[in-house]
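Here the structure is laid out as structure tokens; the discussion comes afterwards.
The values are calculated or read from the model by the stated rules, or taken from the named source; none is laboratory data. Because the structure is a prediction, the values reported are computed rather than measured. All Cβ positions, glycine included, derive from the backbone under ideal geometry; neighbour counts span all protein chains shown.
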Amino acid sequence: MKMNNQDVVILAIESSCDETAAAVVKNGREVLSNVIYSQIELHTLYGGVVPEIASRKHIEKINQVIEEALRQADKTLKDIDAIAVTYGPGLVGALLVGVSAAKAISFATGIPLIGVHHIEGHISANYIENLELEPPFICLVVSGGHSHLVKVADYGQYEILGRTRDDAAGEAFDKVARAIGLGYPGGPKIDKVSKEGNPDAIHFPRAKVEGSVYDFSFSGLKSSVLNYINSCEMKGIPLNVPDIAASFQKAVVDVLVEHSMDAVEKYGFQRFAIAGGVASNSGLREAMKKACAEKNIEFYHPSPIYCTDNAAMIGVAGYYEYIQGTRSALDLNAVPNLKLGER
């Protein structure tokens, strides 16, 4: 490990879903490069991510993306102190491509390897542009595959307060978007159309999970939207897509805000952050900003580029794991259902 007065440079790799990404991060807060190859156009043809196609595309692009990240950062592998890679959760085939690439580089060069949890990466994205942000704080992680309310006790120390019992928030956005003809990816499209609609036009349910005050459930909300659409079609009533989108989005946002503010209040924290793909949703950002202002809570969120899957956030998380002494062996494997806090 380098001495405290020397820079620590991390090469990071992320391939958990349909973005092939690599980044170079210095001292856990400075992003020297952040290269992302997105497969969205490819998967749009199928209305969602096809795991086998995602894996094959990762194999095609992984070396190019890593080389480009090093080139943009003006670094070579001799300048790298550790390689951080997402090893879970995610699509197992996609994860294996990134993990295999990281292990190969580590084996060939002797550079230490650090396996990083994908959700830890999303949480850590908040450190990139908010240099003053330090634990403890509460973080809401909302994406296509995850809806987690997390207490960040310290760097690398997490307690999950609540999680989704069925559909993740982003998954619900995708399914509803498909149902009202907006297509994939659903989140950005519903966000855009919602601006033209009335969020109070239709009342959709806000589900609570009995006995688990911080858990989420969006499956019933999704079903309610589908039932509303079917009812309109049966009665010959034309669909008002902007109203449906706005009312659905408000129902999701209301639940996320309520659970988050309850947790902040209970634990007495003065800092709250959001992360994940859905964290770039303008309706959610505005609602969280307003709720935090009312409670005099400092509100943090990453720029949209750091909300979607990217390697910079993995490099930040990897830095804090590195300085705490975490190292992974060359038998590191992909763990598609990895729980936050597990190793």
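Listed by position, the strands (runs of 3 or more DSSP E) inside the stretch 105-216 whose residues that are touching a helix residue (DSSP H, G or I) at 6+ places or on another chain (Cβ under 8 Å) and not assigned by TED's automatic domain parsing to the domain that holds Thr86 number at least 2 are 137-142, 147-154, 157-163. The set of residues in the stretch 265-284 that are surrounded by fewer than 21 Cβ atoms within 10 Å (Cβ to Cβ) and among the hydrophobic types (A, V, I, L, M, F, W, C) contains only Phe269. Each residue in the stretch 60-87 was checked for being closer than 29 Å to Gly341 by Cα and either of a type in the set (Asp, Glu) or under 24 Å from the mean Cα position of the chain (by Cα) (or both), and 11 pass.
Of the residues Lys175, Lys195, Lys208, Lys151, which single one is surrounded by fewer than 23 Cβ atoms within 10 Å (Cβ to Cβ) and within 17 Å of the chain's Cα centre (by Cα)?
Lys151
Restricting Ile66, Ile123, Ile83 to residues that are among the β-branched types (Val, Ile, Thr), touching a Pro at 6+ places or on another chain (Cβ under 8 Å) and crowded, with 22+ Cβ neighbours inside 10 Å narrows the list to Ile83.
Within the stretch 89-102, the residues that satisfy the criterion of being over 21 Å from Pro302 (Cβ atoms) and crowded, with 22+ Cβ neighbours inside 10 Å are Leu91, Ala94, Leu95, Val97, Val99, Ala101, Ala102.
One residue alone among Asp243, Asp215, Asp200, Asp254 is in contact with a strand residue (DSSP E or B) (Cβ under 6 Å, 6 or more places away or on another chain) and either surrounded by 14 or more Cβ atoms within 10 Å (Cβ to Cβ) or touching a residue at least 40 places away in the same chain (Cβ under 8 Å) (or both), and that residue is Asp215. The C-beta contact set for the stretch 75-104 (first residue touching a residue at least 40 places away in the same chain (Cβ under 8 Å), second residue surrounded by 19 or more Cβ atoms within 10 Å (Cβ to Cβ) and acidic (Asp, Glu), distance under 6 angstrom, 6+ apart or interchain) comprises Thr86/Glu14.
Picking from Ala293, Ala287, which residue would you name as being modelled with pLDDT of 95 or more and either crowded, with 21+ Cβ neighbours inside 10 Å or in contact with a helix residue (DSSP H, G or I) (Cβ under 7 Å, 6 or more places away or on another chain) (or both)? None of the others qualify; the one that does is Ala287.
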